[in-house]
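The values are calculated or read from the model by the stated rules, or taken from the named source; none is laboratory data. None of these values were measured; they are calculated from a predicted model. Positions of Cβ are generated from backbone atoms using ideal geometry, with glycine treated the same way; all protein chains shown enter the neighbour counts. Please note that ligands, DNA and RNA were not included when accessible areas were found on the heavy atoms of the full protein model with its side chains. Shrake-Rupley method; radii C 1.70, N 1.55, O 1.52, S 1.80 Å.
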Amino acid sequence: MALTIHVLDYGDIELETSFLVLGHECGRVRRVPVYGFLILGGEYPVVVDTGYRDNAIMETLGMRGLQFHDNMIENQLARHGLKPGDIRYILHTHLHIDHAGKDDLFPMNTTVVLNRREMEFSVSGIMYPQYPKPDIKHLVDRIYEDGAMRFLDLEITQAEEIIPGVWCEAAGAHTEGSMNVIVETAEGLACICGDVIYDFNDQIVNQVRVNNFMEPQVTGNHSGSKRAEKAAIKRLLNNYTFLLPVHDKPARIENQQVVGRLGMSVPGPMSETLPARQWFPV
Ligand SMILES: [Zn+2]
């Protein structure tokens, strides 16, 4: 049976535009979605990222959370007839405030899977306010529970399989331990790429404030070099048919170009499936 990816809508956040794209429209506020993903059709149901804890926690970063009843992870899973306890693995692209906020709603026999470097980086103090105490402390608790945590070593292993057709790779961008989740779908390889890409239009299609050909623009929020950020985006465009970031609508890629976007109503509660969906040209 083919694997399908379902978008989970965890609500929106409002933040300053230059956070998304380096130096772009400083001071202007943008509203972006926060997605998670549910992978079905495989050996077990798998969730990628769990959104932010609550609206109040976003204020610690000077951002505004817009999470409503429908956006609660329990309600997003219920649309697919699932409860938190039905999920076998939670995978994290990384551990920032808007990606790992609901893990404590899942039982300890749901295994949280992350790149070991991201756990280390989360407590390093670099990018400190983006790693909130309650989320990280919960993950530390999981380390001490039998089977509640699984660490990957992606910088060394290159790739590690989670279930047949789903594997992880080091992202090499955004945070030091970020990882991409690759899913084999009937229509090609899909890559859930976390925050390596924030905004397809401004970073890749129109490349604001960039002069050179095929040169992706970087985000305003990363921990490594700008060259590494650009290279990581180019690698995504090279290798995958579908790219699914957490704060922008999924895109279809051909010849390293964005050729389509997944049609969905943003903002607002929705659940879309990949494949079997409607693609709109950019
Ligand atoms: Zn994020």
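A few points about this structure:
- Apportionment of accessible area to carbon and sulfur, the chain, percent (1.4 Å): 49
- Counted by Cβ distance under 15 Å from Arg88, the other residues give a net charge of -1, where Lys and Arg count +1 and Asp and Glu count -1.
- Each of Lys137 and Glu161 was given a label point 7 Å from its Cα along the Cα-to-Cβ line. The distance between the two points is 3.9 nm.
- Loop-resident chymotrypsin sites (Phe, Trp or Tyr not before Pro) (DSSP state other than H, G, I, E or B) in segment 164-267 with no more than 13 further Cβ atoms inside 10 Å of their Cβ: Phe213.
- Largest accessible area first, the residues Ser122, Ser223 order themselves as Ser223, Ser122 under a 1.4 Å probe with ligands, DNA and RNA left out.
- Its residue count N sets the reference 2.2 N^0.38 Å, and the alpha-carbon radius of gyration of segment 4-280 equals 0.92 times that reference.
- Distance in nm between pseudo-label sites at Thr60 and Asn109 (7 Å out along the Cβ direction from Cα): 3.1
- By a 1.4 Å probe calculation restricted to protein chains, Lys137 has an accessible surface near 120 Å², given to the nearest 10.
- Residues Glu43 and Lys83, FRET efficiency given R0 of 25 Å [Cβ-Cβ distance, rounded to 0.05]: 0.85
- Each of Met72, Gly11, Ile39 was scored by the projection of its Cα onto the charge dipole of the chain, and the greatest displacement toward the positive side belongs to Gly11; charges sit on the C-beta of Lys, Arg, Asp and Glu.
- Net charge contributed by nearby residues that have their C-beta within less than 12 Å of Ala228 (K/R +1, D/E -1): +3
- Leu189 paired with Glu254, simple spin-label distance in nm, labels 7 Å along Cα-to-beta-carbon: 1.9
- Centroid-to-centroid separation of segment 139-157 and segment 10-80 [C-alpha atoms, Å]: 24
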